[in-house]
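Each reported figure results from applying straightforward, stated rules to the coordinates on display, with no laboratory input. Treat the numbers as computed from the prediction; the structure is a model and nothing was measured. Cβ atoms come from the backbone with ideal geometry, glycine included; neighbour counts cover every protein chain shown.
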Amino acid sequence: MHLTELVKRYAGNPLLTQDDLPGADAVFNAGAVKFKDKYILLVSVSIPGKAGNGRAIHVAESDDGIAFKIRETPFIAPEQSGPFTEFDYDICDPRITPLDGTYYITYPAHLPGVGVIGIMGKTDDFVNFERLSVAAMPWNRVPVLFPEKINGMYWRLDRPMFNENGTLWTSQSRDLEFWGRHHLLARAQRQVWNSMKLGPSGIPIRTGRGWLVIYHAVAGGGMSTPIYHQAAMVLKLDDPNTVLARPDEYILAPKMEYERHGRVPNVVFSCGHIVEPDGQVKLYYAGADTCICLATFNAEEMADACCRLAAK
Ligand code: BMA
């Protein structure tokens, strides 16, 4: 049994396209969370001609996790005022972490000539957004917060980058403000599909086996443009610096027309998922940086399969 066989694409993909937002030429990488019985996606959008290189983050909501409607008023956008907005250029790829009774949102922002940084903010209603801090210096696209404290500390996954070598790190904090104990968790490997760089997808999922971390891994070099895959690894529950399983297989690769052709070809990229009470994971991912799609798998089955494969 290959990991790709555990993942089922929704037959009605894509769920959202640029036609769902006036003026947009892409509706893509989305954070996801359940909020008051609604499924919420924070979608990255590209609207040519608008401030900040046309990039903003909008709320899309749904009753069933499949039929989404995008709000036309942006949720995070360069035209907003307040602290840290000078970095709101090329913003996209938000991650949402429910923690301590609020919703923390991290996203990469960009100051041309300076580099990509991670902004952290929060919301209680998905209408108002408060930017809290520059949580990561250049080049670090996104800190992704774990959904609970571990051994009294807040934890996050980091994705610093040097040239094209994005690696996965953890760091810890007592207060969500000062971060330390930086630890190199994973780097690119020797399979073609994971040979270039990697980075976190949505927030880690608690399973009986450990933290199931969905991440992206990129094949590059040679004659091809980079090909983005989704993969999985399992970290120890009480010590996420310990990798329990990191199989040599990916879980999802560009295959369908909407994943292979678009603004950036051959990309499946996820920033979020929603875990249903029965353990089914709704993995929201973008096809070719252009549209938003859905695939499902069971969290426990995936973690088991990762551990089995890695033990071979
Ligand atoms: C990454 C980010 C993502 C994008 C991906 C594939 O570096 O820019 O927003 O989806 O590349 O193009």
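Remark: pairs (first residue in the range 143-169, under 19 Å from Ile119 (Cβ atoms); second residue acidic (Asp, Glu) and within 16 Å of the ligand (Cβ to nearest atom); Cβ separation under 9 Å; 6+ apart in sequence or on different chains) = Pro143/Asp158; Val144/Asp158; Trp169/Asp158. Of the residues making up the range 150-170, those that are within 20 Å of the chain's Cα centre (by Cα), more than 16 Å from the ligand (Cβ to nearest atom) and closer than 23 Å to Val33 by Cα are Tyr154, Trp155, Arg156, Thr170.
Taken residue by residue, the range 169-176 has at least one member that is surrounded by fewer than 24 Cβ atoms within 10 Å (Cβ to Cβ) and on the phi > 0 side of the Ramachandran plot.
The criterion of at least 3 residues that are within 16 Å of Thr170 (Cα to Cα) is met, among strands (runs of 3 or more DSSP E) falling completely within the range 205-277, by 211-219, 227-236, 239-245.
Taking (1) more than 16 Å from the ligand (Cβ to nearest atom); (2) touching a Ser or Thr at 6+ places or on another chain (Cβ under 9 Å) in turn, Ala311 satisfies each apart from (2). Suppose we keep only residues that are closer than 14 Å to Ile40 by Cβ and of a type in the set (Val, Ile, Thr) within the range 103-132. Which one would you say is nearest to the ligand (Cβ to nearest atom)? Filtering first and then ranking leaves Ile105.
Among the residues of the range 219-239, not a single one is in contact with a Lys or Arg (Cβ under 6 Å, 6 or more places away or on another chain) and closer than 20 Å to Ile117 by Cβ. Of the residues screened, Thr207 is not one that is surrounded by fewer than 18 Cβ atoms within 10 Å (Cβ to Cβ) and away from the ligand (no atom under 15 Å from the Cβ).
Let's see how each residue does on (1) more than 13 Å from the chain's Cα centre (by Cα); (2) under 19 Å from Gly210 (Cα atoms); (3) within 16 Å of the ligand (Cβ to nearest atom); (4) free of Cβ contacts under 8 Å to residues at least 24 places away in the same chain:
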residue: Ala253; (1), (2), (3), (4): yes, no, yes, no
residue: Pro265; (1), (2), (3), (4): yes, no, yes, no
residue: Ser270; (1), (2), (3), (4): no, no, yes, no
residue: Leu283; (1), (2), (3), (4): no, yes, yes, no
residue: Ile292; (1), (2), (3), (4): no, no, yes, no
residue: Thr296; (1), (2), (3), (4): yes, no, no, no
residue: Glu300; (1), (2), (3), (4): yes, yes, no, no
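Looking only at the range 67-82, which residues are basic (Lys, Arg) and in a strand (DSSP E or B)? Lys69, the sole residue that qualifies. Residues in the range 136-174 that are assigned to a strand (DSSP E or B), of a type in the set (A, V, I, L, M, F, W, C) and over 13 Å from Thr106 (Cα atoms): 7 in all.
Quick one: in the range 85-100, which of the residues that are within 30 Å of Gly152 (Cα to Cα) and among the acidic types (Asp, Glu) is nearest to the ligand (Cβ to nearest atom)? Here the residue is Asp93. Every listed requirement among (1) of a type in the set (Ser, Thr, Tyr); (2) more than 22 Å from Tyr104 (Cβ to Cβ); (3) buried (at least 17 other Cβ atoms within 10 Å of the Cβ); (4) away from the ligand (no atom under 16 Å from the Cβ) is met by Thr242 save one, (3).
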